[in-house]
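Student: Dropping the structure in here first, questions after.
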């Protein structure tokens with residue numbers, strides 16, 4: 001925390017040191033140039049106007065506007081150029097750039113600055129390019145976008161100069177785009193305009209597409225809006241390129257959404273895969289373990305919010321082990337209290353755990369109320385990366401994908417590399433043999449159930465970041481998680497991963513085509529039909545028993 | 001389940017003492033309820049208000065639904081967590097008939113389109129709504145739609161030997177998919193709100209006392225006849241095979257029986273009965289909406305059966321009535337507590353009453369009897385020990 005802060009301070013100090021001296025130099029130069037506006041020679045004035053515009057100093061816009069509206073004067077006494085404002089019989093004087101008060105004067109003490117039409121044009125052009133030269137990059141982007149919307153012929157040369165001078169990598173493309181639009185609208189030769197169209201074709205935003213499409217529109221007489229065939233050809237080509245690029249980005253965006261949904265499903269289903277795979281127990285209260293994890297996150301965040309707000313950003317990290325412990329403890333209690341009496345009767349287990357899920361839901365509803373609870377995103381999980389085609393990759397979704405991979409890897413390590421994992425797999429393969437080899441199957445069952453529930457709790461932490469935390473949170477995911485487990489094959493992490501990703505991605509791609517609800521129905525029906533073909537999932541465990 | 005020497009059409013009932021009592025109670029209710037409601041004046045203490053008649057009728061529909069689940073779960077080991085779907089489909093078929101009966105008395109006064117279609121700016125009746133103004137056609141649909149879905153679903157699953165929890169899960173997925181589908185306005189079944197505001201049935205005002213009592217009687221007749229059908233099936237040779245499938249499916253298959261055919265038959269029959277229950281339910285409660293498809297509802301049906309006692313048929317009906325009475329009571333008196341009670345019932349029944357109420361009472365009797373007889377033998381013949 002402190003490192004971050006001090007780093008920020010250092011950076012700020014650097015900016016100050018670097019920027020102060022040039023600013024001062026620019027200012028004094030600008031003051032000299034303002035003084036030049038009082039010259040008798042038009043050519044000198046025009047030079048001064050363009051020079052002022054090039055400085056990018058604050059207040060230049062005001063000076064030029066004042067000149068246009070004829071509020072600039074020369075004070076006869078010291079030949080100083082001043083900004084004057086009429087009040088009653090007197091004129092109040094200000095320094096043109098800083099608007100510092102310079103006292104008052106009579107009209108007879110002042111001479112109005114000279115102005116002719118050529119100068120007016122120069123002033124207007126300078127004003128148009130002014131914000132493009134602003135020292136603030138955001139201002140420059142804004143100005144360039146304004147130009148893009150309605151480019152004027154006079155702006156072409158300004159944009160060219162600005163573009164040559166622009167160093168900021170974020171601003172350059174925006175200015176380049178505006179320049180291309182301006183050249184397209186006012187370019188002298190069709191070749192130059194066609195080239196501008198090609199430059200525009202490298203941008204994917206809808207505004208550019210609309211601009212290019214407008215070139216190809218035919219009017220009622222069958223004439224194209226754009227007369228030059230060269231430009232039309234270029235526009236068609238650019239549009240095709242844009243469409244192709246947008247399709248690719250769109251695909252990537254959908255893929256991301258699908259993988260994101262898949263990772264959520266994976267988190268929700270992975271605990272179920274463990275309990276069902278190892279113990280053959282269908283835990284209908286699994287969704288409630290997810291819910292408990294989400295509410296644990298809520299409680300921890302509330303505690304941190306009230307007692308130590310500085311640590312808000314790490315509340316989610318604290319919540320992960322806590323949710324694992326709380327949900328895991330619930331899991332062990334459920335196993336010891338209920339499920340162990342029902343082994344070998346999977347359908348009864350299903351009913352008992354369903355009853356349990358009702359009790360847990362009502363319990364949470366009684367304690368926390370039936371309404372949604374607000375769980376905030378920490379700052380490092382807010383925001384998004386915007387793709388070229390307009391698709392958003394939000395950071396919370398990205399983190400959840402990362403998180404689900406971490407959970408999957410950790411679980412795989414527990415199953416493959418620890419003594420507990422070995423015992424668990426032994427019990428999965430042959431319970432009685434494992435028992436004969438001295439494994440306490442009852443203990444393994446309790447720990448396995450605790451592990452599965454704990455992972456569900458961890459999933460709840462993740463879900464609290466993207467979904468509403470309400471007593472029905474678990475219910476929303478239970479059918480989906482079952483689909484994942486059944487589809488991927490039970491007792492198999494790889495199968496669960498495969499099932500979750502397939503269903504997630506398929507769902508998102510169908511959704512674009514048919515709408516969210518129909519997509520979900522298609523997926524459900526597809527899984528039902530799929531089960532017919534492979535009754536124990538894609539990655540079925542191989543065994544010899546007839547009755548499994 | 002012991003078979004008696006069969007002579008006479010109802011010989012299968014001879015050994016079924018619980019069933020006889022059950023049918024007698026149904027008959028008694030069929031006589032008593034109309035008298036209490038229609039004959040006695042409203043001022044009388046014994047007068048039964050019409051809403052109570054409808055409430056009882058609703059319980060009977062649930063009892064029929066539970067009976068259909070018990071037939072497949074108690075006798076064939078198929079735990080369907082999607083039976084609410086068949087119930088709801090039967091209900092929707094009936095609801096569509098009742099919607100068509102409204103005619104131009106709806107809010108918008110449109111003679112050809114139900115209100116919600118006018119609201120959605122639909123111009124003409126979708127093809128699948130045609131024919132539902134005919135009662136006979138609607139009744140055929142009440143049977144056909146759930147039956148067809150049950151047949152197709154069963155054919156797909158049993159043929160590929162999907163059993164146990166897998167079947168439970170995909171039956172749940174089926175009803176969930178239907179829930180999502182019926183929530184869509186585009187489906188043409190009223191979306192979220194479902195079908196309601198019914199006016200009359202077969203020309204009789206649906207709110208009238210006489211209609212309500214008739215619907216109640218129809219529910220009793222349906223329940224009693226379905227009970228007889230179920231009892232007949234489970235006491236026949238077919239029933240023996242079903243029980244064999246429940247207890248050891250593969251052995252039955254190895255003996256040469258086509259297990260999937262038996263399962264498919266009984267599953268389809270069960271879905272038909274669930275459809276009938278739904279069709280009787282809708283006019284008595286006055287609404288059908290997609291929430292009937294929710295997986296939670298279907299699981300609740302199973303708990304009715306489990307509480308009453310699976311594999312006894314009348315136990316399922318008893319369980320349905322008891323649990324729903326409890327629900328009516330608790331949601332009125334202690335709405336917060338209902339889910340605790342229902343959840344607690346699920347846990348307690350599976351842990352402590354695996355045979356349900358009707359299964360536990362006789363075994364409790366047998367236990368006390370054997371204890372008594374043992375103490376008697378201990379008194380009279382000391383020294384002798386039984387192995």
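One line per residue, one yes/no per condition, for (1) part of a helix (DSSP H, G or I); (2) surrounded by 24 or more Cβ atoms within 10 Å (Cβ to Cβ); (3) within 13 Å of chain A (Cβ to nearest Cβ):
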site	(1), (2), (3)
B:305	yes, yes, yes
B:312	no, yes, no
B:319	yes, yes, yes
B:325	yes, no, no
B:328	yes, no, no
B:332	yes, no, no
B:338	yes, no, yes
B:341	yes, no, yes
B:344	yes, no, yes
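Student: Evaluate segment B:262-280: report whether one residue or more is modelled with pLDDT under 95 and within 14 Å of another protein chain (Cβ to nearest Cβ).
Tutor: Looking through segment B:262-280, none of the residues is modelled with pLDDT under 95 and within 14 Å of another protein chain (Cβ to nearest Cβ).
Student: Sort out for me the helices (runs of 4 or more DSSP H) sitting completely within segment B:42-129 that have 1 or more residues that are within 24 Å of the chain's Cα centre (by Cα) and modelled with pLDDT under 90.
Tutor: Output list reads B:50-76.
Student: Inspect segment A:327-336 for any residue being outside any helix (DSSP H, G or I), within 14 Å of chain B (Cβ to nearest Cβ) and over 41 Å from the mean Cα position of the chain (by Cα) and give the result as yes or no.
Tutor: no
Student: In the list A:421, A:376, A:355, which residue meets the criterion of being more than 36 Å from the chain's Cα centre (by Cα) and away from chain B (no Cβ under 14 Å)?
Tutor: Being more than 36 Å from the chain's Cα centre (by Cα) and away from chain B (no Cβ under 14 Å) holds for just one of A:421, A:376, A:355, which is A:421.
Student: Just wondering, is there one or more residues in segment B:269-277 that are more than 15 Å from residue B:80 (Cα to Cα) and touching a helix residue (DSSP H, G or I) at 6+ places or on another chain (Cβ under 8 Å)?
Tutor: Yes, some residue in segment B:269-277 is more than 15 Å from residue B:80 (Cα to Cα) and touching a helix residue (DSSP H, G or I) at 6+ places or on another chain (Cβ under 8 Å).
Student: Moving on to the next point. In segment A:474-531, how many are farther than 20 Å from residue A:401 by Cα, more than 10 Å from every other protein chain (Cβ to nearest Cβ) and not in a helix (DSSP H, G or I)?
Tutor: Going through segment A:474-531 one residue at a time, the tally reaches 2.
Student: So, in segment B:163-190, of the ones that are outside any helix (DSSP H, G or I) and facing chain A (nearest Cβ under 9 Å), which residue ends up farthest from residue B:97 (Cα to Cα)?
Tutor: Among those residues, the one meeting the criterion is B:163.
Student: Right, something else. Anything in segment B:285-297 that is out of contact with any strand residue (DSSP E or B) (no Cβ under 8 Å at 6 or more places or on another chain), away from chain A (no Cβ under 14 Å) and crowded, with 22+ Cβ neighbours inside 10 Å? List them, or say none.
Tutor: B:292 - this is the single residue of segment B:285-297 that is out of contact with any strand residue (DSSP E or B) (no Cβ under 8 Å at 6 or more places or on another chain), away from chain A (no Cβ under 14 Å) and crowded, with 22+ Cβ neighbours inside 10 Å.
Student: Spot the failing condition for residue B:160; the list is (1) over 19 Å from residue B:274 (Cβ atoms); (2) without any contact (Cβ under 8 Å) to a residue 40 or more places away in the chain; (3) more than 14 Å from every other protein chain (Cβ to nearest Cβ), and only one is missed.
Tutor: (3)
Student: Only one residue in B:113, B:98 is under 30 Å from residue B:229 (Cα atoms) and either out of contact with any strand residue (DSSP E or B) (no Cβ under 8 Å at 6 or more places or on another chain) or crowded, with 19+ Cβ neighbours inside 10 Å (or both). Which one?
Tutor: B:98
Student: What are the residue pairs meeting all of these: first residue in segment A:486-507, first residue at positive phi, second residue assigned to a helix (DSSP H, G or I) and modelled with pLDDT under 80, Cβ atoms under 8 Å, and 6 or more apart or on different chains?
Tutor: Final answer for the pair search is A:491/A:276; A:491/A:277; A:491/A:278; A:491/A:428.
Student: Please give the number of the condition residue B:256 fails out of (1) assigned to a helix (DSSP H, G or I); (2) loosely packed, with under 15 Cβ neighbours inside 10 Å; (3) more than 23 Å from the chain's Cα centre (by Cα).
Tutor: Among (1) assigned to a helix (DSSP H, G or I); (2) loosely packed, with under 15 Cβ neighbours inside 10 Å; (3) more than 23 Å from the chain's Cα centre (by Cα), the lone unmet condition for residue B:256 is (1).
Student: If a residue has to be loosely packed, with under 15 Cβ neighbours inside 10 Å and not in a helix (DSSP H, G or I) to count, how many in segment A:116-162 make the cut?
Tutor: So the answer is 6.
Student: Regarding residue B:213, is this residue over 30 Å from residue B:127 (Cβ atoms), more than 14 Å from chain A (Cβ to nearest Cβ), touching a helix residue (DSSP H, G or I) at 6+ places or on another chain (Cβ under 8 Å) and in a helix (DSSP H, G or I)?
Tutor: When the stated conditions are applied, residue B:213 passes them.
The values are calculated or read from the model by the stated rules, or taken from the named source; none is laboratory data. Just so it is clear, the structure is predicted and the values come from calculations on it, not from any experiment. Reconstructed Cβ throughout: ideal geometry from the backbone, glycine too, with neighbour counts over all protein chains shown.
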